[in-house]
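The values are calculated or read from the model by the stated rules, or taken from the named source; none is laboratory data. Everything numeric here is computed off the predicted structure, so don't read it as measured data. Because the Cβ atoms are built from the backbone with ideal geometry, glycine has one as well, and the counts that use them run over all protein chains shown.
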Amino acid sequence: MEDYIKSIMKEARVFYPPKSFSNKAHIKNIKEYERLYKQSIKNPEKFWAEQAKQLEWFKKWDTVLRNEKNFFKWFEGGKLNVCYNCLDKNIKSGKKEKIALIWEPESGKGKTYTYGQLLKEVCKFANALKKKGVKKGKVVQIYLAMIPELLISMLACARLGAIHSVVFSGFSADSLKDRILDSKSEFLITSDGSFRNGKVCPIKDNADAAIKACPSIKSIIVVKRTNNKIKMKKNRDYWFHELIENEKDFCKAEHMDSEDPLFILYTSGSTGKPKGVLHTQAGYLLYAQQTFKYIFDIRDDDIYFCTADIGWITGHSYIVYGPLANSATTIMYEGAPMYPKPDRFWNIVDKYKVTIFYTAPTAIRALAKEGDKWPNKSNLSSLRLLGTVGEPINPEAWLWYYKVIGKEKCPIVDTWWQTETGGILITPLPGAIPLKPGSATKPFFGIVADIFKENGSKAKVNEGGYLVIKKPWPGMLRTVWNNPKKYKKTYFEKFNVYLTGDSAKIDEDGYFWIMGRLDDVIKVSGHRMGTAEIESSLVSHKSVAEAAVVPFPHKIKGQAIYAFVILKKGNQKSESLKEELKKHVGKTVGPIAKPDKIQFADDLPKTRSGKIMRRMLKAIAEGSSEFGNVSTLADPEVIKKLQEERIL
Ligand code: PRX
């Protein structure tokens, strides 16, 4: 493993936060950060207990942290409600008329909700859900695109103490089915269709197809969005607008235990089935609230725009819970970055005078490729802070973002985190930490991050290794839904501290440089895909005998998917079959999982015991000849043939 973890990036430039920014920031300089950071890790429990006072509790906790063999419990004995903290608490402190949510539909006719209005909408829907049998501890599956009802549904669940499980609306019927089967939910919230690039995606049809195999589902609630024709089954399917029509706009917030589940979010790992990452009430909320406050340096007059989809963790923590828990104004955009033209994001920035903008490197690269003329048509002068998330950002894209979008006056927070971590762990604090393009810089308060070598010893300065988090933090996952064994095995077995799955190095200034995943996870356009999921989709096609999937570098997407496929006897290798296989993956997993390249193979490099040597396949896909030791292969000749037939 060690020679595999090479440290590759060299970037010497340092960018200091503008004085005018630092002067007004929550954390104003590196000394202040270092002092607070030291305090926070000297006694994290004391630190978090102090911060937790910023939430509103129905009952104070008894213990701050308890460790049950790496299953961590935060703030046990405490009672609170996440929705109450995101809405009622702000209203009580005078924010009733402040805009909580700006929704920008693809069509452009925006809609806003004040905190007062949002609370009413949430309560109406919570009351409707209650009548359908939703209550504390029940799982509600939400399969919606970026419309206000998605955020309203999540908050309504949180208000009732129901556990929401949002499935990205770009996922296929099969993916939805797998998640419902795992979570055994009885309720599904979806819409007639969703808009994407001006087209209608029939997501209710997907939902209908998915639940054919899901006997647990009793009710489907359907938001009317696109007016396309759908089938509504009597006594099972109900229109959202009809259900809320006569509902009262007040609903009591359930008193939840700190460690009651808040939501499940499925994410890809190294097996064929995605795992349900479980986050609980108090710790998650506290961590989302604190990180949002300090990392986005939020002020009362900010307009904050995160371009992620709420179907991913970034949307959960930094469109919904983090911003609302800080009484911020958050923007939700329904559509695609290039719709109708590549200046859509910049139009939104100007239209709403966005001050903080948070997006993924893949979007930055795609927009940069379209040329400066698009951002240059907009003013962008309202911006004061930029952020990135989801994958490493290459220094060229960073510099474009810094110069062309931020006009060299906006710090960039390159935020490193994961579905499992609940919130950002490694990041600049924008007024305090000088930036090095490509580095996520330093750990957030209370986060003890380190790099371990294979034997568990600490890596040297600039030496690559396993990125680990050595102490628990409130926002961390609590378990894998229905699979505590997997939780222990995946995250704690190797070193008995939290294993991130990423490789990284720390430089001489204590800056972290993330180098990518060490497991079988690929980041395609920032979306997390398991190679095993794509392989099992390929193998489910009638013509495929065996498949192996690896990443290869891609200019825009960061990584793209390369599949080696062995066909069953009697099938002809053809371009049309390749297209059919791509479509098949698109249909069974989702369009983002479609392989970019498919190479038909007669054999794969395997050890004598039959294990596929992915490292070698990755080298072939990348066009490299660094295969390592081939003598362990059952048939070393296989490599040569695969190399000759490599898809360029
Ligand atoms: O490899 C890291 C990469 O994204 C992974 C987590 O993916 P996911 O659970 O989908 O969450 C993404 C949004 C938080 C990590 O293991 N990653 C995330 N942020 C960064 C990153 N890689 C480099 N730099 C980042 N800022």
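Here are a few things to note about the model shown:
- Considering residues of segment 278-316 that are more than 23 Å from Val413 (Cβ to Cβ) and of a type outside the set (Gly, Ala, Ser) only, the residue surrounded by the fewest Cβ atoms within 10 Å (Cβ to Cβ): Leu278
- Only one of Val539, Val585, Val544 that is in contact with a Lys or Arg (Cβ under 9 Å, 6 or more places away or on another chain), without any contact (Cβ under 8 Å) to a residue 40 or more places away in the chain and under 28 Å from Lys275 (Cβ atoms): Val544
- Pro375 vs. criteria within 16 Å of the ligand (Cβ to nearest atom), modelled with pLDDT of 95 or more and either under 20 Å from Ala100 (Cα atoms) or surrounded by 20 or more Cβ atoms within 10 Å (Cβ to Cβ) (or both): no
- Where strands (runs of 3 or more DSSP E) fall wholly inside segment 60-133, the ranges with 1 or more residues that are over 21 Å from Met146 (Cβ atoms) are 63-68, 71-76.
- Annotation note: Cβ proximity below 8 Å between a residue of segment 95-117 that is free of Cβ contacts under 8 Å to residues at least 40 places away in the same chain and a residue that is acidic (Asp, Glu) (sequence gap 6+ or interchain) occurs for Tyr113/Glu121; Thr114/Glu97; Gly116/Glu97.
- Subset of segment 290-303 [more than 12 Å from the ligand (Cβ to nearest atom) and either touching a Leu at 6+ places or on another chain (Cβ under 9 Å) or on the phi > 0 side of the Ramachandran plot (or both)]: Tyr294, Phe296, Asp297, Asp302
- Of all residues in segment 428-463, those being under 18 Å from Tyr498 (Cα atoms) and either in a loop (DSSP other than H, G, I, E, B) or more than 15 Å from the ligand (Cβ to nearest atom) (or both) number 15.
- Among the residues of segment 307-328, the one identified as away from the ligand (no atom under 11 Å from the Cβ), of a type in the set (S, T, N, Q) and touching a strand residue (DSSP E or B) at 6+ places or on another chain (Cβ under 7 Å) is Thr307.
- All helices (runs of 4 or more DSSP H) inside segment 288-385 with 2 or more residues being under 22 Å from the mean Cα position of the chain (by Cα) and among the aliphatic types (A, V, I, L, M): 322-325, 361-369
- Test: residue in segment 228-245 that is out of contact with any strand residue (DSSP E or B) (no Cβ under 6 Å at 6 or more places or on another chain), crowded, with 19+ Cβ neighbours inside 10 Å and assigned to a strand (DSSP E or B): no
- Search result, residues across segment 391-408 that are without any contact (Cβ under 8 Å) to a residue 60 or more places away in the chain and either within 11 Å of the ligand (Cβ to nearest atom) or of a type outside the set (Asp, Glu) (or both): Ile393, Asn394, Ala397, Trp398, Leu399, Trp400, Tyr401, Lys403, Val404, Ile405, Gly406, Lys407
- If only residues of segment 497-524 that are touching a helix residue (DSSP H, G or I) at 6+ places or on another chain (Cβ under 8 Å) and away from the ligand (no atom under 11 Å from the Cβ) are counted, the one that is farthest from Ile424 (Cα to Cα) is Asp520.
- Every residue from segment 525-553 that is within 15 Å of the ligand (Cβ to nearest atom) and either polar (S, T, N, Q) or within 20 Å of the chain's Cα centre (by Cα) (or both): Ser525, Gly526, His527, Arg528, Met529, Gly530, Thr531, Glu533, Pro551
- Search result, residues across segment 131-148 that are over 18 Å from Pro261 (Cα atoms) and either modelled with pLDDT under 95 or of a type in the set (Lys, Arg) (or both): Lys131, Lys132
- Within segment 503-517, the set of residues being among the small types (Gly, Ala, Ser) and more than 15 Å from Ile30 (Cβ to Cβ) comprises Ser503, Ala504, Gly516.
- Test: Leu367 is more than 15 Å from the ligand (Cβ to nearest atom) and crowded, with 18+ Cβ neighbours inside 10 Å: yes
- Number of residues in segment 480-490 that are in contact with a Gly (Cβ under 9 Å, 6 or more places away or on another chain) and within 16 Å of the ligand (Cβ to nearest atom) equals 4.
- Of the strands (runs of 3 or more DSSP E) lying entirely inside segment 479-569, those containing at least 1 residues that are of a type in the set (Lys, Arg) span 498-506, 512-517, 521-524, 527-530.
- Matching residues, segment 271-289, being more than 16 Å from the ligand (Cβ to nearest atom), of a type in the set (A, V, I, L, M) and in contact with a strand residue (DSSP E or B) (Cβ under 6 Å, 6 or more places away or on another chain): Ala282
- Against the criterion of being within 16 Å of the ligand (Cβ to nearest atom) and at pLDDT 95 or above, Val223 does not qualify.
- Test: residue in segment 342-358 that is within 16 Å of the ligand (Cβ to nearest atom), at pLDDT 95 or above, crowded, with 21+ Cβ neighbours inside 10 Å and within 27 Å of Lys523 (Cα to Cα): yes
- Filter pass, Leu160 being hydrophobic (A, V, I, L, M, F, W, C) and over 20 Å from Met332 (Cα atoms): yes
- Tally, over segment 491-545, of residues that are among the β-branched types (Val, Ile, Thr), in contact with a Gly (Cβ under 8 Å, 6 or more places away or on another chain) and over 22 Å from Asp178 (Cβ atoms): 0
- Sole residue being in contact with a helix residue (DSSP H, G or I) (Cβ under 8 Å, 6 or more places away or on another chain), under 29 Å from Thr415 (Cβ atoms) and surrounded by 19 or more Cβ atoms within 10 Å (Cβ to Cβ), chosen from Ile561, Ile598, Ile556, Ile620: Ile561
- When the residues of segment 409-427 are filtered to those that are away from the ligand (no atom under 12 Å from the Cβ) and surrounded by fewer than 24 Cβ atoms within 10 Å (Cβ to Cβ), the one that is farthest from Leu265 (Cα to Cα) is Lys409.
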